[in-house]
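See below for the structure under consideration.
Nothing in this text is a laboratory measurement; each read-out follows from the coordinates by a stated rule. Here the structure is a predicted model, which is why all the values come from computation and not from measurement. Cβ coordinates were reconstructed from backbone atoms using ideal geometry, including for glycine residues, and neighbour counts include every protein chain displayed.
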Amino acid sequence: MHGRTLLISVIAVLAVVIAAFATLATCHYFLLRKPSLQGKCRGLTLNSPAHARPHLLRFRRQVVGKNLWILQYRWLRRRFKAVGTTLSLVRDLPSTEYEGNVVRHGERVGNVVIDNSGRFDFGDLPPGEYDLTVTYPGEDAVGFGFIIDTSAHSTDVLIDASPAYYCNCCGWNFELNSAGR
């Protein structure tokens, strides 16, 4: 009788594990994989066209994210501050053409390492085009471009530094807020 009870308990545990796995796989498909395949990501991701550089009045706000392996659900990964993430900002200078080759120039504006607050502020930047490199600790770096424009209304950005290995919508994006916080 004791062996039969043990067998029933093992079968019940296996049924719960299989049901949990099936639920997780279904959620993963409908919340991550399917929107990624359909191109329904919010924000600017790695695959955004170069001409889609956002116009900002000021470059500041917050960096969030964490590598949660296969559980890269937006609501979950954005609960974490991306402590230790480095933001490197370069201002693009006019390019020069040298014997048919275009040479791009830039001047380093500065680096910010994200602390426990998760916030950053590069202060008042002169108008122009900028390139940002976001380096999450222990992961590859990702780059974004934006334009500082005195006629722009956006001042705040939210950078999701979560590595996006599993789908296009899982991280590495740059979102604008039209009203400063």
**Report entry** Point-to-point label distance, His105-Thr26, nm (Cα→Cβ direction, 7 Å offset)
**Finding:** 6.0 nm
Query raised in the report: Between Ala15 and Ala52, what is the label-to-label distance in nm when each label sits 7 Å out along the Cα-to-Cβ direction?
Result: 4.7 nm
Query raised in the report: Relative to the present Cα-Cα distance, how much length would full extension add between Trp69 and Thr150 at 0.36 nm per residue of separation?
Result: 25.2 nm
Query raised in the report: Contour minus end-to-end for Tyr98 and Leu6, with contour as 0.36 nm per residue of separation and end-to-end as the Cα-Cα distance?
Result: 25.3 nm
